[in-house]
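> Below you'll find the structure I mean.
The values are calculated or read from the model by the stated rules, or taken from the named source; none is laboratory data. On a predicted model such as this, the values are computed, not experimentally measured, just so you know. For neighbour counting, all protein chains shown are included, and Cβ atoms are generated from backbone atoms with ideal geometry for every residue, glycine included.
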Amino acid sequence: MRMPALVAIILLCASAAHAASNSFAVRDVRVFDGDKTIPNANVVVKGGRIVAVGSGVAIPSGLRIIDGHGKTLLPGLIDSHVHVFPGAQADALRFGVTTELDMFDISRNFKAWRAQRRSLRRTPEADTWAAGLGVTVKGGAPLENAPPGLHIPTLDSAGDARKFVDARVAEGSDYIKLFIENLSEYRTKKTLPTLSPQEVCAVIAAAHADHRMAIVHTQAEWAAREAIKCGANALAHMIPDRMVGASFIALAKRHHIFIETTDDVWAGVSGLDLAQKLARDPRVAPYLSAAQKSTLLATDQKLAPWFFPNVLANTRALHAAGIPILAGTDSPNPATAHGVALHEELQILVRSGFTPEEALHAATALPDAIFHLGRRGHVAVGYRADLLLVDGNPTQNISDTLSIDRIWMNGYAVNRTPPKT
């Protein structure tokens, strides 16, 4: 065998060994650690966990070293509001979203999801926490358009709330999602049946008795007030139907709620073309699956054009008041897509008054702190090596989160090639 060929084989074998390892180091990189920016640091990962972070950190010999000059290392992003389906978590991971919080799904694959998120093995999918089935009434949201023959249990009365919630917890629900939705915010004649105030309070009390947070779908201010007064932990959407006033902000602060944004959905409902522009971005287009293209390019045709101006104002006001706000996308609703939509959501947060660091915090360390996600959402010693390396500086220009250099999940490099179909 000629020596050049032998050298090539040795180099290929070394490259494959590095790719198969979940130990490496990033040198001379700007770090956003989930809370703050470290201007220049070395980050060392061994066995899928971060073991050292800092400007004076020595890199052990034998580790693969990635040059981070001119780049920023971030925690893997966390989308605090999605609806999962087969392939969704893989779509998310290709865009650096390493954890998704599902807010209603019918697959309820709790056992597999829990096993994956406890492991440090190589995986092609984002980790998942899930509500499973949400609590609603017969014919109510989001089941009004459910296909014939699909049986999903619904709540019949406040007296059944404890039994209903206990069943969700027994299945494996990490938190309880419920719906207060009659479509009044759309200003049309169409209405839906929804949970009564007594049922809402009974479900939230049952969730708390089972040591689960209660997260409530509300889109109208009256529904949000009802949920908060009943003791909800969170609103699943930023309120779009009107600008909230001082009394609402005081109520939210008094009850210590948090809010998941989903402002990208309201941009689509308002007829804005943010999602279409995102799909055309050369940093995005090559990595989209067919499913992502389909939902990202869908439109609600100015169903409620007043929604987006309202959510921008409400996001700004509630953030200024100190209400914890988590970045969520409600993917795969029209004008969203798993993974990529969270980058748009970060841009909207900045547009509504967040600093870029505050926006990144809302998609990393903050959801970890609130949902207790098991040492993720930070670039810090002992945390999982779910990491996103990007060109540029998203702590100054939030759009740089889309300039992805590479992604790691459990310390393993992620393949960004989208599925062929």
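> Name the one entry in A337, A359 that is closer than 19 Å to M103 by Cα and under 16 Å from the mean Cα position of the chain (by Cα).
So the residue among A337, A359 that is closer than 19 Å to M103 by Cα and under 16 Å from the mean Cα position of the chain (by Cα) is A337.
> If E125 satisfies every condition in (1) closer than 21 Å to G87 by Cα; (2) in contact with a helix residue (DSSP H, G or I) (Cβ under 6 Å, 6 or more places away or on another chain); (3) touching a residue at least 40 places away in the same chain (Cβ under 8 Å) but one, which is the exception?
(3)
> Conditions: (1) among the hydroxyl-bearing types (S, T, Y); (2) over 21 Å from E185 (Cβ atoms); (3) touching a strand residue (DSSP E or B) at 6+ places or on another chain (Cβ under 6 Å). S294 meets all but one. Number of the miss?
Of the numbered conditions (1) among the hydroxyl-bearing types (S, T, Y); (2) over 21 Å from E185 (Cβ atoms); (3) touching a strand residue (DSSP E or B) at 6+ places or on another chain (Cβ under 6 Å), the odd one out for S294 is (3).
> Against the condition within 23 Å of the chain's Cα centre (by Cα) and under 15 Å from T136 (Cα atoms), how does A227 come out, does it pass?
yes
> Which members of region 248-292 meet the condition of being charged (D, E, K, R) and either in a helix (DSSP H, G or I) or touching a Phe, Trp or Tyr at 6+ places or on another chain (Cβ under 7 Å) (or both)?
K253, R254, D263, D264, K277, R280
> Could you check region 249-274 and list, in sequence order, the residues that are on the phi > 0 side of the Ramachandran plot, surrounded by fewer than 21 Cβ atoms within 10 Å (Cβ to Cβ) and in contact (Cβ under 8 Å) with a residue 24 or more places away in the chain?
Scanning region 249-274 gives a single hit, G271.
> Return the residues of region 153-174 that are part of a loop (DSSP other than H, G, I, E, B) and under 25 Å from the mean Cα position of the chain (by Cα); say none if nothing qualifies.
G172, S173, D174
> Moving on to the next point. Within region 337-357, how many residues turn out to be over 19 Å from F308 (Cα atoms) and surrounded by fewer than 19 Cβ atoms within 10 Å (Cβ to Cβ)? Steps first, answer last, please.
Applying the first criterion (over 19 Å from F308 (Cα atoms)) to region 337-357 yields 338-340, 355-357.
Those left that are additionally surrounded by fewer than 19 Cβ atoms within 10 Å (Cβ to Cβ): 355, 357.
Of the residues in that region, 2 qualify.
Yes or no, residue by residue, for (1) under 18 Å from L278 (Cα atoms); (2) part of a loop (DSSP other than H, G, I, E, B):
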site	(1), (2)
A337	yes, yes
A341	yes, no
L346	yes, no
E358	no, no
I370	no, no
H378	no, yes
D400	yes, no
I407	no, no
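> In region 358-375, is there at least one residue being crowded, with 20+ Cβ neighbours inside 10 Å and closer than 19 Å to F24 by Cα?
Scanning region 358-375 turns up no residue that is crowded, with 20+ Cβ neighbours inside 10 Å and closer than 19 Å to F24 by Cα.
> Hey, another quick one. Could we say that I176 is in contact (Cβ under 8 Å) with a residue 40 or more places away in the chain and touching a Lys or Arg at 6+ places or on another chain (Cβ under 8 Å) here?
For I176, the condition - in contact (Cβ under 8 Å) with a residue 40 or more places away in the chain and touching a Lys or Arg at 6+ places or on another chain (Cβ under 8 Å) - is met.
> Still on this structure: Please count how many residues of region 58-106 are charged (D, E, K, R) and within 10 Å of the chain's Cα centre (by Cα).
Adding up the residues that qualify gives 3.
> Residues A290, A246, A224, A285: which one is crowded, with 18+ Cβ neighbours inside 10 Å and at pLDDT 95 or above? Steps first, please.
On the way: A290 fails: crowded, with 18+ Cβ neighbours inside 10 Å; A246 fails: crowded, with 18+ Cβ neighbours inside 10 Å; A285 fails: crowded, with 18+ Cβ neighbours inside 10 Å.
Of the residues listed, the single one that is crowded, with 18+ Cβ neighbours inside 10 Å and at pLDDT 95 or above is A224.
> Okay, next question. Residues in region 18-25: is at least one touching a helix residue (DSSP H, G or I) at 6+ places or on another chain (Cβ under 9 Å), outside any helix (DSSP H, G or I) and modelled with pLDDT of 95 or more? Break it down stepwise before answering.
Pass one, region 18-25, residues touching a helix residue (DSSP H, G or I) at 6+ places or on another chain (Cβ under 9 Å): 24.
Imposing the further condition that a residue be outside any helix (DSSP H, G or I) reduces the set to 24.
Adding the requirement that they be modelled with pLDDT of 95 or more leaves 24.
Yes: region 18-25 contains one or more residues that are touching a helix residue (DSSP H, G or I) at 6+ places or on another chain (Cβ under 9 Å), outside any helix (DSSP H, G or I) and modelled with pLDDT of 95 or more.
> Identify the residue in region 32-41 that is in a strand (DSSP E or B) and out of contact with any Ser or Thr (no Cβ under 7 Å at 6 or more places or on another chain) and, among all such residues, is surrounded by the fewest Cβ atoms within 10 Å (Cβ to Cβ). Quick ask: steps written out before the conclusion?
Looking only at region 32-41, we keep the residues that are in a strand (DSSP E or B), and these are 32, 37-41.
Checking the rest, the ones that are also out of contact with any Ser or Thr (no Cβ under 7 Å at 6 or more places or on another chain) come to 38-39.
Numbers: I38: 16, P39: 9.
Restricting to residues being in a strand (DSSP E or B) and out of contact with any Ser or Thr (no Cβ under 7 Å at 6 or more places or on another chain), the top hit is P39.
> A further question follows. Looking at region 87-142, which of its residues are farther than 22 Å from I215 by Cα and aromatic (F, W, Y)?
Within region 87-142, just F95 meets the criteria.
> Can we say V203 is buried (at least 24 other Cβ atoms within 10 Å of the Cβ), over 30 Å from D400 (Cβ atoms), in contact (Cβ under 8 Å) with a residue 60 or more places away in the chain and not small (G, A, S)?
yes
> Any idea which residue in region 50-70 is nearest to L402 (Cα to Cα), counting only those that are surrounded by fewer than 22 Cβ atoms within 10 Å (Cβ to Cβ) and in contact with a Gly (Cβ under 9 Å, 6 or more places away or on another chain)?
Ranking the qualifying residues of region 50-70, first place goes to G70.
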